[in-house]
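One structure is given here, and the rest of the page talks about it.
The values are calculated or read from the model by the stated rules, or taken from the named source; none is laboratory data. Treat the numbers as computed from the prediction; the structure is a model and nothing was measured. Quick reminder, even Gly has a Cβ in these numbers, built from the backbone with ideal geometry, and neighbours come from all protein chains shown.
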Amino acid sequence: MSEIKRLTAFLLSSLAAGMLVVVPIYLSVLLLLRAMQAVGGLVRPLAQLLPQWLPAEQALSLLLVLLACLLIGVGVHTAVGRAASNRIETSILEKIPGYSLFRSLTRQVAGSPEEQAWKPAMAEIEDALVPAFIIEEFDDGRFTVFVPSAPTPISGSVYILTPERVHPLNVPFTDAIKSLSRWGSGSKELVAAMKKQEAA
């Protein structure tokens, strides 16, 4: 019976992890197509001037949408844009399940200096040493760590551990994610980095 429960839990966890990957991609593509349809009327007069064999309306619609995204992205780098972006994020986007996780992961992969969470570490869980990420540090020295599942690191478990059970690693975030996505291949480099830091 316990085997059935473990299998059921594994399947549900895998399904949830898969949905967290597929749904945002699907929604992004869907929104892009809807935006292209919305601006189709604007570019149609110009598209009619181009050869008929060329899918001009679709191409121009895509370019217009991408240009709008670029302008919004540039605007977000201004003080007014950042303030507006923060208001939208706080009032709307952070209420969407999984948004904060994807935002943090995306910023980490992009190497954003503003994202200070998700520091790679090795954590002692029971008798095992497992790859983990430090999410925050308590005033008393304890850590909140996220121990991801392999090979889908966007799902896993959260632990609050004492400092002696958490070993921060001076390795890039992408190296730790790569090891997890490869079913642990490359973990020896993470352990070597831990031993090197402890010996220093």
query: When you scan the stretch 155-179, how many residues do you find that are more than 15 Å from residue 193 (Cβ to Cβ), under 18 Å from the mean Cα position of the chain (by Cα) and aliphatic (A, V, I, L, M)?
result: 1
query: Since residue 54 meets every condition but one in (1) outside any helix (DSSP H, G or I); (2) under 22 Å from residue 31 (Cα atoms); (3) not aromatic (Phe, Trp, Tyr), which condition does it not meet?
result: (2)
task: Give me a count of the residues in the stretch 119-160 that are of a type in the set (S, T, N, Q) and either surrounded by fewer than 14 Cβ atoms within 10 Å (Cβ to Cβ) or not assigned by TED's automatic domain parsing to the domain that holds residue 179 (or both).
output: 1
- line: Those residues of the stretch 129-186 which are without any contact (Cβ under 8 Å) to a residue 24 or more places away in the chain, of a type in the set (Val, Ile, Thr) and in contact with a Phe, Trp or Tyr (Cβ under 6 Å, 6 or more places away or on another chain) amount to 135, 158
- prompt: For residues in the stretch 161-196 being polar (S, T, N, Q) and within 28 Å of residue 11 (Cβ to Cβ), which is surrounded by the most Cβ atoms within 10 Å (Cβ to Cβ)?
  reply: 179
